[in-house]
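Okay, structure first, notes after.
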Amino acid sequence: MKNIKKVVLPVAGLGTRFLPATKASPKEMLPIVDKPLIQYAAEEAVASGINQLIFVIGRTKNAIIDHFDSAPELENELMQKNKISLLKIIQRIVPKNVDCTFVRQNKPAGLGHAIHCARNIVQDESFAVILADDLIKSKVPCLKQMMEKHLETKSPIIALENIEKKDSEKYGIVSYSSKKNNLYEISSIVEKPKPKDAKSDLGVVGRYILPSSIFNELSKSKLGAGNEIQLTDGIAKLIKAQKVYGYSFSGKRFDCGSKIGYLKATVEYALEHNEVKSDFKNYLKNKNFK
């Protein structure tokens, strides 16, 4: 088994839950304190050993390209003003050993369609997927945890989290045939079932390690939930052909695709941010919340 070196970052969604903020700016560029969500996702990938970031973008997502591109004018300005610490922050956005590739999704046709857009770049390698909406805070990067399990099982790995059954219509839900510690052999996966139809309380969250054969399954997939090509449906076909595992990761996930999840993440990351944590703690302590 080879180490995973490529990650697909689907960032073509319209971000309607954050309108009007996302009318002209991608939701993945919303900041948590001082870094956009997509940078947290990229940093997790790089910290896990990834050296190629493949962004699947939509028509209005050029700000993401700009963010990961070089900025010689800005860098020169920071150098001239001797703002070396800020200069280093800007230069670290994309480490020198990491390549960024951008692929256009020509229509909003679902996560499965977005993943399929990266086929020609991924080619015949296994690869990772990170959804920037799911911000995961952990000592060991979530994707790195999953990569270790991938090498151990020689199989696809999907991140899982226990959810409230009433929330099943927000997730892909799995059932499993066996369990060892926090690793589950998945027997079925269904996209957004009604609570009465959910076979477990294990929901799929935005981290995947997949084989290149998923592209063939996605190319044959019909429209699924939401009248879109669903990644879940492609994974369901994989399960019939090979073992697929779910992994209950160590860490805390923030659903930054929702306003309340985004606000919770902002507070928790601010409370650990070296520059602002002291003042922010004092503010919260002295604030008379009602």
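Residue under question is LEU135, and the condition is that it be touching a Ser or Thr at 6+ places or on another chain (Cβ under 8 Å) and either buried (at least 23 other Cβ atoms within 10 Å of the Cβ) or within 23 Å of PRO26 (Cβ to Cβ) (or both); does it hold?
Working: touching a Ser or Thr at 6+ places or on another chain (Cβ under 8 Å): no; either buried (at least 23 other Cβ atoms within 10 Å of the Cβ) or within 23 Å of PRO26 (Cβ to Cβ) (or both): yes.
Judged against the criteria, LEU135 is not a match.
Can you say whether GLU125 is over 20 Å from the mean Cα position of the chain (by Cα), within 30 Å of ASP99 (Cβ to Cβ) and either part of a loop (DSSP other than H, G, I, E, B) or of a type in the set (D, E, K, R) (or both), as far as the supplied structure shows? I'd like the intermediate steps shown before the answer.
Working: over 20 Å from the mean Cα position of the chain (by Cα): no; within 30 Å of ASP99 (Cβ to Cβ): yes; either part of a loop (DSSP other than H, G, I, E, B) or of a type in the set (D, E, K, R) (or both): yes.
Here the answer is no, as GLU125 does not meet what is asked.
Can you spot a residue in the stretch 258-281 that is surrounded by fewer than 20 Cβ atoms within 10 Å (Cβ to Cβ), in contact with a strand residue (DSSP E or B) (Cβ under 7 Å, 6 or more places away or on another chain) and at positive phi?
No, the stretch 258-281 contains no residue that is surrounded by fewer than 20 Cβ atoms within 10 Å (Cβ to Cβ), in contact with a strand residue (DSSP E or B) (Cβ under 7 Å, 6 or more places away or on another chain) and at positive phi.
In the stretch 132-178, which residue that is among the small types (Gly, Ala, Ser) and within 17 Å of the chain's Cα centre (by Cα) is modelled with the lowest pLDDT?
Taking the stretch 132-178 and keeping what is among the small types (Gly, Ala, Ser), we get 132, 138, 155, 159, 168, 172, 175, 177-178.
If we keep only those that are within 17 Å of the chain's Cα centre (by Cα) as well, we get 132, 138, 159, 172.
Details: ALA132: 95, SER138: 96, ALA159: 97, GLY172: 89.
Here the residue is GLY172.
Between LEU143, LEU160, which is more than 19 Å from ILE239 (Cβ to Cβ), touching a strand residue (DSSP E or B) at 6+ places or on another chain (Cβ under 7 Å) and surrounded by 21 or more Cβ atoms within 10 Å (Cβ to Cβ)?
Values: LEU160 fails: more than 19 Å from ILE239 (Cβ to Cβ).
On inspection, the qualifying residue turns out to be LEU143.
Please verify whether LEU151 is surrounded by 21 or more Cβ atoms within 10 Å (Cβ to Cβ) and in contact (Cβ under 8 Å) with a residue 40 or more places away in the chain, treating the condition exactly as stated. Working first, answer last.
Values: surrounded by 21 or more Cβ atoms within 10 Å (Cβ to Cβ): no; in contact (Cβ under 8 Å) with a residue 40 or more places away in the chain: yes.
Taking the combined requirement at face value, the residue does not satisfy it.
Restricting attention to the stretch 256-279, which residues are under 19 Å from SER85 (Cβ atoms), among the polar types (S, T, N, Q) and part of a helix (DSSP H, G or I)?
The answer is SER278, and nothing else.
Could you please give the count of residues in the stretch 48-90 that are in contact with a helix residue (DSSP H, G or I) (Cβ under 7 Å, 6 or more places away or on another chain) and either exposed (fewer than 13 other Cβ atoms within 10 Å of the Cβ) or over 30 Å from HIS150 (Cβ atoms) (or both)?
9
For the stretch 47-88, give me the residue count where each residue is more than 21 Å from ARG119 (Cβ to Cβ) and of a type in the set (Phe, Trp, Tyr). Working first, answer last.
Going residue by residue through the stretch 47-88, those that are more than 21 Å from ARG119 (Cβ to Cβ) are 47-49, 60, 62-63, 66-88.
Add one more test, that the residue is of a type in the set (Phe, Trp, Tyr), and what stays is 68.
Matching residues across the stretch 47-88 total 1.
Confirm whether LYS237 is surrounded by 11 or more Cβ atoms within 10 Å (Cβ to Cβ), in contact with a helix residue (DSSP H, G or I) (Cβ under 7 Å, 6 or more places away or on another chain) and free of Cβ contacts under 8 Å to residues at least 40 places away in the same chain.
So LYS237 fits the description; yes.
Pick out the one residue from SER200, SER168, SER177 that is among the polar types (S, T, N, Q) and in contact with a helix residue (DSSP H, G or I) (Cβ under 7 Å, 6 or more places away or on another chain). Quick ask: steps written out before the conclusion?
Working: SER200 fails: in contact with a helix residue (DSSP H, G or I) (Cβ under 7 Å, 6 or more places away or on another chain); SER177 fails: in contact with a helix residue (DSSP H, G or I) (Cβ under 7 Å, 6 or more places away or on another chain).
None of the others qualify; the one that does is SER168.
Could you go through the stretch 30-37 and let me know if any residue there is in contact with a strand residue (DSSP E or B) (Cβ under 8 Å, 6 or more places away or on another chain) and either in a helix (DSSP H, G or I) or under 24 Å from ILE229 (Cβ atoms) (or both).
Yes: the stretch 30-37 contains one or more residues that are in contact with a strand residue (DSSP E or B) (Cβ under 8 Å, 6 or more places away or on another chain) and either in a helix (DSSP H, G or I) or under 24 Å from ILE229 (Cβ atoms) (or both).
Sort out which residues of the stretch 49-88 are within 30 Å of THR16 (Cβ to Cβ), part of a loop (DSSP other than H, G, I, E, B) and of a type in the set (S, T, N, Q), and write them in order of number.
Correct list: THR60 only.
Are there any pairs with C-beta distances below 8 angstrom linking a residue in the stretch 89-108 that is outside any strand (DSSP E or B) to a residue that is surrounded by 17 or more Cβ atoms within 10 Å (Cβ to Cβ) and β-branched (Val, Ile, Thr), with the two at least 6 apart or on different chains, and if so which?
Hits for this filter: PRO95/VAL46; VAL98/VAL46; VAL98/ILE50; GLN105/VAL56; GLN105/ILE57.
The values are calculated or read from the model by the stated rules, or taken from the named source; none is laboratory data. Just so it is clear, the model here is predicted, and its values are computed rather than measured. Glycine also receives a Cβ, built like all others from the backbone with ideal geometry; neighbour counts cover every protein chain displayed.
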